[in-house]
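This report concerns only the one structure given below.
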Amino acid sequence: MVSVDSPSPSDLPPPVEPRLRRVARQRRMASFRAIVALILREMASSYGRTPGGYAWAILEPVAGIAVLTAVFSVVFRDPPLGISFPLFYATGMLPFMTFTSVNAKVAQSLSYSRPLLAYPSVTFVDAILARFVLNYLTELMVVYLVFTGIMLFFDTRVILDFPSLALAFGVLGALALGLGTVNCFLTTAFPIWQQVWSILMRPMFILSGVLFIYDDIPEPLRDWIWYNPLIHIIGLTRRGIYASYDASYASPLYVLGVAGVGGLTGLLLLRRYHRLILQR
């Protein structure tokens, strides 16, 4: 009778689950390194080579707020909320500019990183996340500095609600990433979409409540404007600034729903067609 030796532990193949976990961990680390490298590249190219660098990101909203304050303080005696014209227009302009800036940067992710996407270690998701993280954090820094400057130099008499402000800019970031992702596909696949989107966004400065509050809009226009997610974000921002303003119409879930639909649609389209688009 022939005896069969049982294999020693060293002869057995490694378990499947630990091997899969190790591969997944390596992929996550490679993606993290790619995102960091893309962020550093954009910091050097977008801000390091421009005279003034980050200063221009701060001066642009400050100039816009100053113009609105100068014009409307002559026409109106008091702002719609509070006692400070600069603060009121900052609560509308800063969220609006943050969204438009981050959305535009994310929409250009594939075009901006096209040469690097030829490397297998860099994916379109890495390019999108890198542009989003850098530009979103930059805009948050601008928002903090402008709000702080207004409260230091003007009599505002406000009590900040930090949870409401965090919620407002959290859903704003989700919306900019979600719509920016679907715009990334549309802009890369159909270059004319960039001009179409620019035209569509021009009236949004008025329709998003930068210059007024939602409660002052007459019916039935108010019902239609409610479907603009930016009106909700600006309402949440003003709830965080003005203790007396409830903004009961503002729905974070609605904004997250729009962001989720846009982001999922963009990811599915990019996953299917991004290589074909980049080869053109």
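Karplus-derived 3J(HN,Hα) values for segment 223-230, using 6.51 cos²θ - 1.76 cosθ + 1.60 with θ = phi - 60°, are 5, 6, 5, 4, 6, 7, x, 5 Hz; glycine and proline are entered as x. Only protein atoms count toward the accessible area here, which uses a 1.4 Å probe; on segment 125-280, the carbon and sulfur part of that area reaches 70 percent. In terms of its Cα atoms, segment 138-237 spans 48, 37, 23 Å along the principal axes, sorted from long to short. In order along segment 139-151, phi translates into HN-Hα couplings of 5, 4, 4, 4, 4, 4, 5, 5, 4, 5, x, 4, 6 Hz, rounded to whole numbers, per the Karplus curve 6.51 cos²θ - 1.76 cosθ + 1.60 with θ = phi - 60° and x for Gly and Pro. For segment 92-191, the set of trypsin sites (Lys or Arg not before Pro) satisfying both a DSSP loop assignment and a count of at most 12 other C-beta atoms within 10 Å is given as 157.
Remark: segment 252-264, residue by residue, has Karplus-estimated 3J(HN,Hα) of x, 5, 5, 4, 5, x, 4, 5, x, 5, x, x, 5 Hz, where x stands for each Gly or Pro and the curve is 6.51 cos²θ - 1.76 cosθ + 1.60 at θ = phi - 60°.
The values are calculated or read from the model by the stated rules, or taken from the named source; none is laboratory data. These numbers were taken from a predicted model, which means no experiment stands behind them. When we count neighbours, we look across all protein chains shown, and the Cβ atoms used for this are built from the backbone with ideal geometry, even at glycine. Keep in mind that these areas ignore ligands, DNA and RNA; they rest on the heavy atoms of the full protein, side chains included. Shrake-Rupley method; radii C 1.70, N 1.55, O 1.52, S 1.80 Å.
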